[in-house]
Structures are given as C-alpha cells and as structure tokens.
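The values are calculated or read from the model by the stated rules, or taken from the named source; none is laboratory data. The shown structure was predicted, so the numbers you read here are calculated from the model rather than taken from an experiment. Virtual Cβ from ideal backbone geometry, glycine too; neighbours counted across all protein chains shown.
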C-alpha cells in the first residue's frame, strides 16, 4: 500500500488530457504485453506482476494487459448474455491494412499504421452488417471483455432514454425526484435531462494530468484505485456523489464530467428498482444475442460504475453499434425504440456543446453535440459515437453503413491523443467503402 | 478495516468442524436473504450491506446472499463456456418434496424438510440423465454461479488425472520436479500422487472453529479474507505454500487439507503452462456444453484458488456430475478418459482413509476412500462425490443412475453438519427411484 499515492501520481503525470501539445509517446511496438511478459508464469516474475494493490494495473504499459483482465483485479458484476443462440454476424473480409489516408498532421498513413499508433488492442469493422475486418493483438482475445471506460456512459444514456420512452423515467423531472439524497449537492436543482446531456454545473475536474483532480477521488470512492493509508474519504459512489458542490449554472453549456453518468446510473436504478447490470442484460445484452457476458466493475457495496466500469467483448460491442445504426432494430427485434436512436442522432444543442471550448484540432464541426451520453457529429455522414478515454470506440457512420468497434490502451488519457488520428482513418475508410 | 480480526474470529467461533455435538442452529426460515433484505436498494441500508472489507461477506446469514455473488466482492477469472450451443438436459419432473426418509437421528423427515434444514440455496436432480427436480431459493438463480468451495478440488483432481493420462503429468514424480520452490517446504519429499490423494504430512489445520487455524492464514494469503492492519504475511498463494512445514509422514494416511489442492493447482499450471481457468475451460467446461461461464476467485497476483475458489452455475455443475456418471462421456464426446473415472470410482486406499479418524456418525463405511480429490464411498451403490464445506455437493450414484448437484450456505463449516442428513435423503431417493 505504500506506493499507492506515488502510483496514482505517476499515472496522472504520465497522462495529459486535452493538452495542446502531445508529449513524446512510447514506441507501440515496444509495449506488446506478450513480449513484455506481463503476468506470464506461475507466479509471474516479481517485475512482471500486474496487480491492483500498488496501482500498477493502471500504469502504462501494464494497461496493455490489464484492460483485457479487469475482473482479475477488481470485483465485478455480470451482465448476462442470456441463454439464447448468439446472433449471426456474417463475414466478408477485406484487406484494409494498406488503406492509405492523410492523418491529422497532414502526413500519409496506412490503416495498419493507425492501429499501431493508437495502441489498438482489438478492432472490428462492419460494413452493411458484414464483418469486413477483425483483429486482436497483444492480450486481447475475442471472448475476453476489454475495459470500455466511457463507452459505458453511452449504454447508461441509452438505457435512460429507453426508460423515458417507456414512461418509467421523466427527463424533465428534478433529479431529487429520484434521489432525494442529492438535495444539498450540485444536483439539488438540476433536471434529469441536464444530467443526461451533461449540462451540469458541478465542481469536478476530469483532468487526468492533475493529481488533485476529483476524477481520482471519484475513482478511489468506487474502488477503482487503491486507497492510501489512513484514507477517510467516501467509500462508495453514493457517498462521493452526495458531496459534489455546484459550480456555475445548469443547462447552459456542455461539460464532460463522469460523475453525471454515475448520477444517471443511480437515477435509472432508483426509477426501476433494478441494478444497472440487470437493466443492461434484460434490455440490451440478451436481446442483441450477445456471444459473451459483459461486466461492470463495482464499488465496495456492489454498485456498478456507470461512468466507466463496463468491460465488453469486442464483437458484442459491435452488435450494439450495428443495432444503433439500424435504428434500434437487430436480431429480429426492436431493441431500442427508433425514437430514442433518432433523438440521439439529432443530437443536443450545438451552441451548448461549443461552450466546452474544445481545441479545433479535435475536428468538432459546427453541428457537434452531446445527447443521451453519445457524441454526435452532425457531419455529412451523420457519424455518432461512444468513446472511452484510452481510445475505446463505437463509431457509427449511417451514411456509409459503417460500424467500427475498437479497443485501445493508449498511454494518454485524452481525446486529443487518439481521436484526430483515428477519425481521419475512419473517415477515409467510409469514403473508400462508399466509392 | 478495524473489524477485520473480529469478523474473522466471529466467523470461526460461529462454526464447528467435526464437532461431536452440533451447536444450536438458526431457524433456516429466518435466514432467507430476500426477507432479510441483504443488498436491496441503491444503496442498501447500512445494516443490510454485505461487503468484503469488514468480512461480513463471510458471516452467516449474509452468506446466504454472498455465496451467489462472490465475484461482486472478489477479483475473479472467467472459465469460459465457449461459443457453442448448450448441451440438452431433458426434463421429466417428479414431485419429490413429500418423499419421506429416516434422518440421521432416526426421525422421519421429508425431502423438502431436508432442503430447508441443510440451508439449501439450489438443487437439481438428474435420474437417467433427465432433470426430475430443480429448485432455487433465496438469492440463487440458474444463471448465477454459486460458491462451490471444495467442490473445486474435485475439478482440479480430475484435471490432474487427465493430464497424467495424457502423459503431461507424472503422478509418481516428486512435487519438486514441477515446483522446485517447494524444496524446503513440507512438499520437498512428497510425490504428486500423494498430493492428489491428500496423504501429505503437513502442519496445517483445517479447523474452522480455531481462529488460529492455518486455514485462515491461507485464506488471507489468497485474498479471500480482508487483511488486518499491519499485515505482513504472505500476499499470494505461492508465498503461503512455500512456507508450509512438514508434520508426520507422507503416504501413510489421508488428511484432508486444502493446501494440497492449491499445490496440485500449482503443479498442473506448471506442467502445462496454462492457468487453471484455461485448463478447465478447454478440457471440461467447453466440452460439457455448459450454459454459463464459471469463475475462480484469484489472489492479488491473479492466481486461482484451486482449493475452494470456484463458483459454478448449478445446471452446469450437474452436467459435470452426469458426465462423470457416464464414465466421462457426455455431449457426444469423451471428455474425461474412462480410465480416469474408473480410477476415481475404484478409490484410494481405505486403510489410509480410516486413519483420518472420522466419527462414525458420518457414515463412512469400510471401503471409504479419497482419490484424485473425490470422496469415494465404495458403498452398495458405488456413490462418489465432490463436496464443499457449507453443503455444496456433486453426488453421483451410478447404480441408481442418479446425479444430484446441490448448493447450500449452511452456517456450520463442517461435514458433520450436513452430510449425514443429506446422505440419508439422497440414499432414500436412490432407493425410491430404483423401485
């Protein structure tokens, strides 16, 4: 436990969120988890162990192993696939590795280079519903769920929107209708809709580069980072959330803060009397015909992290994306109401999104918005996506009939580090497939 | 963390292993986990929380909830079911609840009463391969793996015997051929066969009623109990095992000690270069056509507990039993070599078993033995079984063509508390079905 704070600090300092200039990155080829020997042997050599207690599980390059093995270090709850036969994903392979595109720096690059440069662990590409490309590297395997980080939020946002359509959740209601305990917190005068679209004024920093950022307090409360000796802070998500203080006004501008997803998770649980894992299994995972179970990490009292706790099997994450591309219909049934998908695709208010002040290099065009915890480009292809901070993606391009699910373990926790390069390649692929 | 030792002590004092007189037991009807409200609500009320940190997850009656939710409190590794269709378990229901039998105290009892009195969470009965009875109570659900405790050992023993048949493990070899690190431990002059049959002389007490018994040191090393402040003992299974000291001689008498199963787990991993979870998935779970994944709890460095760490879905545990009843053949294939099943059914040396000195009331007849980590009765029906300390069972009666899989959360950690009553009912059922 002695190295706890050091490890957390090292993690934070080795990361950079939204930095204008990217730090030098380790050569991806030198971070292959198998070549580095993480967790090989019984026991692994002392310097090859990846473990929770000293925080090493969340330090790059060990993350290239740990992101495919989260449950081996954290308590988790199952998202059951049900007992049915997996839905069919037809296969029609294309060799994309040599696909050439102009990267975000204006240089020529290939698809395969993009995968390497974004520290990709696994990726699957569906075009018109067929698997045209699928690849696993390092520790990734098809049946191993990979940490999805904030892709989790899009599942929670979709569930919340589904519950609203069913009438069991009222987006216009005050948050306190469902969670009276939040009365004296930042959420005391917020609506559920403001939480769903992250237009909440709350004192909470998501800056991974600042060791004092609240994101780390949040992670500790949820059991996602080891506790330093003498720790006296909140010991579960609920205890953390009720203490959040207001900063600014609600409803004015988009501000991406993970705690909103945790509050929304709490809301959907209270609205239904069911756990997030049960809701996701019943309403999405079983209906998709998933091949494998997924799981949430849980805090000390069994509460799922709806902000970033999901680990997902790649193919099943792609099924989720394909279902969204098809307006909510997949595996022979309407899983998500079309109105929910339409609402997401339409997006939130671009003027509110613009207030987040993202740098131009991220390529967020005039119509960019955030709705029901999805990123909505409103670009020429109508791309919308779910994303995790280390390069996890569910990328849906309706016009090109393209869905990409991608898991990465990028050393930098920040969109700047991987979105511009990745999106340049994804856009080029869409153009190529649309020729 | 303050209540750690108190919790462990309370646990130990509330249990009695092999006690000649059973303590007064709580009324099972008053321990229904749903009625008691464990872990209901978001968050659960403070006095309804079941959590790892204070040891409450292992205190009865909370165990009636926690045994079906181990992964929500402990790190675990998946035992993958594969991607195939589950094997068929035909159903032909019989109402067994009123089946009458004479219990171990000579009183009349019914099947349903036996289930209640042994704190049964779930049970399934197969006769001639058909499901004649299946029941879930309290927190148990068909898709939720339940802690199997020492049923785990029979999986490890079976895997070891399979590897021996394949030629990748030599039972006659010294343990140190596979684990040189055990040279200076109790296992320094033991053979693999002695480990497989638990005829090892090792200083290690399995007495749950003694708070100082090594079983608790073992559990702490494996991350299965919280660590007291300032804990400086072994922090994984391997560190614990290498320190075990010899006591008595090897090969002379059966002595049931969980550490032998942990050593055997280490051996099969070293012999194959694969984890126990991978071995079980490849060689057993996938081939059975399991409906659901299983899992092992793991220590701080990801090592499975092969002594008691498995959690299993009930129906799939029954498939395992049925496969053993059928001489290793199930789901259209030979899964375990017939020679391995025959060797288990034949049993070990009864004279060595007798040296364990079990009380008569346990009903161990003259031929009783222990082989490859199975309990072998050599009784008139040829019953052999896998068992866990809180009443978990895989009971195989070849003559009656009967297989019973049962999960319990009995408050007493000891065979005395549940085996005599359970076996009286199982025997009566065998007679009834054989009429």
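Side notes on the structure shown:
- The sole residue among A:365, A:391 that is in contact (Cβ under 8 Å) with a residue 12 or more places away in the chain, within 22 Å of residue A:260 (Cα to Cα) and assigned to a loop (DSSP other than H, G, I, E, B) is A:391.
- Only one of the listed residues (B:222, B:251) is at positive phi and in contact with a helix residue (DSSP H, G or I) (Cβ under 7 Å, 6 or more places away or on another chain). That residue is B:251.
- Residue under evaluation residue A:146, criteria (1) more than 14 Å from chain B (Cβ to nearest Cβ); (2) on the phi < 0 side of the Ramachandran plot, criterion not met: (1)
- Yes/no for residue A:105 being over 27 Å from residue A:224 (Cα atoms) and either at pLDDT 95 or above or crowded, with 18+ Cβ neighbours inside 10 Å (or both): no
- Subset of the stretch B:337-347 [under 19 Å from the mean Cα position of the chain (by Cα) and part of a loop (DSSP other than H, G, I, E, B)]: B:347
- Residue within the stretch B:129-137 that is crowded, with 19+ Cβ neighbours inside 10 Å, touching a helix residue (DSSP H, G or I) at 6+ places or on another chain (Cβ under 7 Å) and in the same structural domain as residue B:329 (by TED's automatic domain parsing) present: no
- Residue A:216 fulfils the conditions (1) surrounded by 22 or more Cβ atoms within 10 Å (Cβ to Cβ); (2) away from every other protein chain (no Cβ under 14 Å); (3) in contact (Cβ under 8 Å) with a residue 60 or more places away in the chain except for a single criterion, (1).
- Any pair with Cβ under 9 angstrom, 6 or more apart, that starts in the stretch B:29-41 at a residue that is at positive phi and ends at one that is in a strand (DSSP E or B): B:37/B:44
- Test: residue in the stretch A:111-120 that is more than 17 Å from the chain's Cα centre (by Cα) and within 12 Å of another protein chain (Cβ to nearest Cβ): no
- Verdict on residue A:223 being surrounded by 24 or more Cβ atoms within 10 Å (Cβ to Cβ), facing chain B (nearest Cβ under 10 Å), touching a residue at least 60 places away in the same chain (Cβ under 8 Å) and in a loop (DSSP other than H, G, I, E, B): yes
- From A:367, A:357, residue being at positive phi and either surrounded by fewer than 23 Cβ atoms within 10 Å (Cβ to Cβ) or modelled with pLDDT of 95 or more (or both): A:357
- In the stretch B:270-310, the residues that are in a helix (DSSP H, G or I), in contact with a strand residue (DSSP E or B) (Cβ under 8 Å, 6 or more places away or on another chain) and more than 10 Å from every other protein chain (Cβ to nearest Cβ): B:280, B:285, B:287, B:288
- Checked against the criterion of being modelled with pLDDT of 95 or more, touching a strand residue (DSSP E or B) at 6+ places or on another chain (Cβ under 8 Å), more than 14 Å from chain A (Cβ to nearest Cβ) and buried (at least 17 other Cβ atoms within 10 Å of the Cβ), the candidates B:164, B:140 yield just one match: B:140.
- Here is the figure for the stretch A:39-52: residues that are part of a loop (DSSP other than H, G, I, E, B) and either at the interface with chain B (Cβ under 10 Å from one of its Cβ atoms) or modelled with pLDDT under 95 (or both) total 8.
- When A:96, A:89 are checked against the criterion of being away from every other protein chain (no Cβ under 14 Å) and farther than 24 Å from residue A:224 by Cα, A:96 stands alone in meeting it.
- Residues being more than 12 Å from residue A:270 (Cβ to Cβ) and in a loop (DSSP other than H, G, I, E, B) - total across the stretch A:172-184: 3
- The listed residue being free of Cβ contacts under 8 Å to residues at least 60 places away in the same chain and either in a helix (DSSP H, G or I) or in the same structural domain as residue B:347 (by TED's automatic domain parsing) (or both), out of B:208, B:204, B:187: B:204
- In the stretch B:53-85, of all residues being within 7 Å of another protein chain (Cβ to nearest Cβ) and assigned to a loop (DSSP other than H, G, I, E, B), the one that is nearest to residue A:72 (Cα to Cα) corresponds to B:75.
- Looking across the stretch A:394-419, the residues that are modelled with pLDDT under 95 and either in a strand (DSSP E or B) or more than 25 Å from residue A:343 (Cα to Cα) (or both) come down to A:412, A:413, A:414, A:416, A:417, A:418.
- Candidate set: the stretch B:311-336, residues that are over 22 Å from the mean Cα position of the chain (by Cα) and in a loop (DSSP other than H, G, I, E, B); chosen: the one surrounded by the most Cβ atoms within 10 Å (Cβ to Cβ): B:331
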